[in-house]
Structure formats: structure tokens, C-alpha cells
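Every number in this text was worked out from the coordinates using simple rules, so none of it is lab data. All figures in this text were calculated on a predicted structure; none of them were measured in a lab. Because the Cβ atoms are built from the backbone with ideal geometry, glycine has one as well, and the counts that use them run over all protein chains shown.
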Protein chains: 2
Amino acid sequence: MKNKITKTNKKKKLLEKSNSSTIVLSHGDGGFKTSQLINETIFKYIKNDILKKFEDSAVFNCPAKKIAFTTDSFVIDPIFFPGGDIGKLSVCGTINDLVTSGSRPYALSLSLILEEGFHIEDLKKILKSIQETISEIKNIKIVTGDTKVVGRGLADKIYINTAGLGLIDNDIEISPEKIRNGDIIIINGTIAEHGIVILSQRKEFNFKTNLKSDCAPLNFLIEDMLSVSKEVHAIRDATRGGIARILIELAASSKTDIEIYEKQIPVKKETNIICQFLGMDPLYIANEGKIVAFVAEKDAEKVLGAMRKNKYGKNSQVIGRVLKKGDGKIILNTVIGTKRILDLHYSEQLPRIC
Amino acid sequence: MKNKITKTNKKKKLLEKSNSSTIVLSHGDGGFKTSQLINETIFKYIKNDILKKFEDSAVFNCPAKKIAFTTDSFVIDPIFFPGGDIGKLSVCGTINDLVTSGSRPYALSLSLILEEGFHIEDLKKILKSIQETISEIKNIKIVTGDTKVVGRGLADKIYINTAGLGLIDNDIEISPEKIRNGDIIIINGTIAEHGIVILSQRKEFNFKTNLKSDCAPLNFLIEDMLSVSKEVHAIRDATRGGIARILIELAASSKTDIEIYEKQIPVKKETNIICQFLGMDPLYIANEGKIVAFVAEKDAEKVLGAMRKNKYGKNSQVIGRVLKKGDGKIILNTVIGTKRILDLHYSEQLPRIC
């Protein structure tokens, strides 16, 4: 009899342990376990004056007349990868969208969709990574959040949405509309590493590489660029669809034709070899720490110099220039000396890269 | 031979048709099909000056010194239900979080996570519903968005995140901190309908009811309340966890003890019957168009009058009052004449209600 009780207790304890170490549906029902998850796990990593008020909306001062607002959902697979994880990525992605519009990151939201059975230890790792990235960026807070839970097999571990609010409190205006003939196009380093690393981790591919994702917050890099020039006309971060996609978008929205010198685009040797092996074009492969900037010719050297001094811009290069007003054509001067038009009809077809 | 070609063509056409009517992975890869989905489907319903610039961040004026910021992810099952759908819900949910903080809704973000195979016709219905809800709210725009696609079985059709930005351009401050002894607690109508309706649609339950979700945008209701009184101290919308959860949260954060008169809480007869049958407590069941307000005693009648004139407040009732400074106890005077303490240890255990 005693034995039986012990066994039952053991079973109960095991069950409790498994319940407390993984996400269960009641973590999402708005009751006791939801509060417990927020107070004992999430707030252990992310907490500040505004968040701890636990209100449905964060209320705070807005010391700027113009603001930038952006959102991104992150569904990356795998959630941990060389160079980062879904937590770092979800902060960097939104921060980079804010700073490329010339704004100073000010406030973030964080919304989690968790799959039943997801390990709370993994959630903690992700929250820690979010906290570390926030610290690196400085002067930004997560001010509002949300947590939802879905049943097993209705998500893949964790999806994260971050929305961001930036302040524009100077006279800088960065927008494709400001792109002019003769603008010099600059990139802040080697491309395609994020996409290749994610690919290398997937079951379908599963190859070995020493590459790491370039996932990084670029707020200080862009601050450095803007501190030396008022003629940075447009900046865009080259995520999904690679630098090809954003060049195509920027050329189209600024109604200009541009030319790109393929030879000058920084690509690591290893990236090139893997791309050749897989038959993929690095221009279309995702980055998470790369921007393309359009700068007035007279300031290009100055901006390039400032970029190269920043740790996220050491390998900055001029990769092209704006030719003339046009219909958004992109002429690629290829490494083999030919010319071809870049368009979106070729695509990497790689889902869940961010 | 001709026949063979025709057959192949037919097959190809069928394949194309199926591809064009459902979400495929390449809708999420940042390439041609992503642009096509955004331009030909999403922008057909949701487009404005800011959104059409297609920038990573929306940049706009902020004509207020204080702002409110909130986020919510919606994972509701089913996505269409009597009284609403995930589109209407995702707009109302965020709008209501903004207005309960006393802010005027100003800008929204919209981020979609779509499952491979999801019907584009259903996406269109949801987008139309979003557009209609936006029109009802007035003076608000979706200014920034994001679309991600995950493989089959890695989401349940569609998940939506909305983040919202509200302006606080008056001297009104609505916050649990402002709750005072003697405050009257008011609700704007019958409770628990949203949760019951969602339950009725689930396979595990699948019972018939004439109830509809109360999903509604409450911006004008709250505008009406604030126009007659400067002594509306706190407002909270009673979603997940029902009115019990928000009463518990508000009592705790304002460090007051409150009493609730169960008899005065408006509950439809049908809701009560279903709750009794299922053994559930309507106080813990989700609403999507109900707020609980804490109002200074002297203004309570005035506020109640204003609420009852609004279509979303016709059945408004006083349901309780703040007794004294305390440790957040909630005394429920039950319909059967007893007293009990409300706490979060009871929970409806109903996932994916919003």
C-alpha cells in the first residue's frame, strides 16, 4: 500500500515537473497560470516601470513631433541558430526597420505565440537573449506585451511579434523619395550569411558551415552615418528576398534606374561556394544585419569611412549608383563582365527565414 | 499525343488554380508572390497614403505629447463565428485596449501569420471585415504591416497581430492608480457571450445557441463617458479571464478591496442556462465588447446615462463599488445571498478564445 502511494506520488511529482517545465494550454487562458508565467518567467527578464503597471496599454511621453511605427512577426525555423535566436532576431528586425527610417528607437512591444509543450527553459533562453539585445541597443524599453498559447501542432514552438516605435526629432528625412541621380549605393558588409546559416540547420539540407547569422542591431551604425552627413537619402535593411528585393523596391519607389557592380558586393568565400553548390544567388538570400544606403556622391566617402569604424560596418563597400530617372530598372554588371536585369521573378523560395 | 498535351495542360491549369486560391509558401519568401499577395489582395482592402509607400516603418506626425501603445496576437478558433471573425476581433481588441487607457486611437499595425493551404477567399473575407471595422472606428489607419507564411500544420489557418498607437491629447488620466474609496463600478452590458459562442463552435462541444459574440469597437462609448465626467478613474476591457480577471487585477494594482453584487451583473438568460449546464462561471468567461469602469460616486449616474445612450452601452449597470484601501480583495455578494472571495485559481481553461 505504501509502495502504491509512493508510486502515485512519484507519478504526480513527475507530472507536476513536466507541467511546470513546459507550456500548457492554461498558460494562455488569462487565469492564474497566465499571471504566473508573466510574473515568474517573463518579468524575470523583461521588466520596467511601464511594463510592471500591467495595463492593457502602455502610456508614456512622446518627446517628438514625428514618429516611426513598424511591425514584424518572426516564425523562423530553427529558433536557435549560429549567431542568434528568434529572440535576438525579433528585437533586431524591428529596431533595424525603425532606424532605417531615420528614427531613434524608443519603445517596443513583444507578443508571444507559444505552442503547448514548448520548453520553458527554451523560453527563458529566448527572453535572456531579448534582454541582452535590448541592453546593446540602449535607451529602449519593451513597454507592452501579450502571451497566447495554442495547442500542440498548431504552431512551431514559438512565434514572436514585435512592433516598434521610433522618434524622429531632428530634421533628417530618409525616404526613397529622396533618392537622386548620381547617388552612391553602399552596403555595410558581406551578404547572404543569415539565409545560408538557416538553410544549413534545416533537415532537408543539414550541411556544415562555419558561417554565422549576421543578426545585429544597427542603430549605432546608422547614428554614425547620419552624424557625418545630411545627405543619406535612403536606407533599407536587406532581409527576406536579400539585397535584390530591396534594390528592386527602392528603384521602383524612387522611379530611378540603378546599376550594381556584382564584383564589389562583399560575399564571403564560403558563402559563395555554398551558393554555387546549391544553385542559389546570394543577392536573393536573407540578411539580418545588412543595410543598403543611398548617399549623395559628395558625402559617400565620408559616410563609408564612418561605417567602417563601426563594428557592424567594417566591410562596408560601394556596390552601385543611381543612373537616372527611370522605371526602376536594375542593371547588374556581373562578375563575368555581362549585364543583366535584376527582377523578383527569381526567388530563393525559402520559407521561415525570419 | 494531342490528348496528352491537353491533359498536361489541364493538370497544369488545375494546379495553377489551386495555387492561386490558397496560400503557398512562396507567398512568404519576400519575392514576386509576396509582392503580388500584398498588392493584389491585401491592398485591395487596406491601403492609404502611408501604407502605399511600402516602407519598413511608417513615418507620420504625432500631434500629442503623450501616447498609448499596445499589442495583441489573435489565435482564435474558429476564425469565423456568430458576431464576428478574427479580423474584426483583431481590430476591436487593440482599439479597446487603447481607448480604455483614455487615448484616441490613431494608428494600427497589422501582421499576418498564414498557414500554407489557407484559402485566399477566407483571407479576403477577413480583410473586408478589418476594413469595415476600421471604417466604424473612424480616424484611424493601418499604417504598417507584415505577412509571414508557415507550412501546413504549423499554424491554424491564420494568426493576426495588431499593435496600436493612441494619442492622449487632453488632461484625462485613466489608470488603476486613480481608483478611490467609494468609486462605483459600472459594466456596459451582458457578459460572457463571446466565450460561450466560441465554445459552441468547437468540435468538443458543438451545441446550438442564438447568442452572438459581443465583439465591438468601444471608442465612441468611452468618448461619450469621458465627455460627461472627468472622474472616470479606470476602465478595463474584460476579455480573457472575463470580468473576474480584470476586477482582480484592478483591485490588486489599486490596492483596494471592492465588493460586487452578483445579482446586478447583466447576464442573458440563455448564457446563464448554458453556463449552468457546462458548470462554468460567467464571471470568468471572455467578452470582446465589455468594459468595467471605476467612476467617482458623484458622477456615476451621469456616466451611466451617457453609456446607456450609446449602442454598445444600452444595458449598462452598476455592479459594485470600492470599499476601502486594502490588499485587493474582491467580495462577491452572490445571488443566493452569501459572500465569497473572487480569485484567479478558478479559471475557464478555455484556450484560443481570442
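On the beta carbon distance between residue B:264 and residue B:227, with R0 = 25 Å, the FRET formula returns roughly 0.50. Rg/Rh for the protein assembly as shown (Cα atoms only, Rh after Kirkwood) is 1.00. Against chain A, whose longest principal axis comes from its Cα atoms, helix A:219-228 is set at around 30 degrees.
Computed 3J(HN,Hα) for the stretch B:68-79, one whole-Hz value per residue from the Karplus formula 6.51 cos²θ - 1.76 cosθ + 1.60 where θ = phi - 60°, is 10, 9, 8, 9, 8, 9, 10, 10, 4, 10, x, 7, glycine and proline marked x. Between copies, the label points of residue B:305, set 7 Å from Cα on the Cα→Cβ line, lie 7.2 nm apart, reported in increasing order to one decimal in nanometres. With the simple spin-label model, which puts each label point 7 Å out from Cα in the Cβ direction, the residue A:324 to residue B:302 separation comes to 7.0 nm. Of all the options A:310, A:219, A:287, the one that moves most in a Gaussian network model of chain A with Cα springs shorter than 10 angstrom is A:310.
What Kirkwood Rh does chain B have if only Cα atoms enter the pairwise 1/r average? Answer in Å. Mind dumping the intermediate values first?
On the way: mean 1/r = 0.0458 Å⁻¹.
For chain B, inverting the mean 1/r across all distinct Cα pairs yields 21.8 Å.
With its label point defined 7 Å out from Cα along the Cα-to-Cβ axis, residue B:128 lies at 5.0 nm from the matching points of the other copies, in increasing order.
Rounded to whole Å, the principal axis extents of the Cα atoms in the stretch A:265-354 read 39, 35, 28, largest first. Mean-square fluctuations from a GNM of chain A, with a 10 angstrom spring cutoff on Cα atoms, peak among A:231, A:204, A:249 at A:204.
As a rough footprinting exposure proxy, the listed residues A:56, B:49 were ranked by other beta carbons within 10 Å of their own, and the order from fewest upward is B:49, A:56. Each Cα pair under 8 Å and six or more residues apart adds its separation to the average, and for chain A the resulting relative contact order is 21 percent.
Pairs exceeding a 18 Å alpha-carbon distance, out of B:268/B:290; B:66/B:302; A:125/A:268; B:88/B:125; A:230/A:325: B:66/B:302; A:125/A:268; A:230/A:325. Shown for residue B:223: label points 7 Å from Cα along the beta-carbon vector, and their distances to the equivalent points in the other copies, 4.0 nm in ascending order. Seen from a random direction on average, the alpha-carbon convex hull of the stretch B:42-91 projects onto 5.5 square nanometres. Under a 5 Å amide H cut-off, with hydrogens placed 1.01 Å from N, residue B:215 pairs with B:288 among residues at least 5 apart or on other chains.
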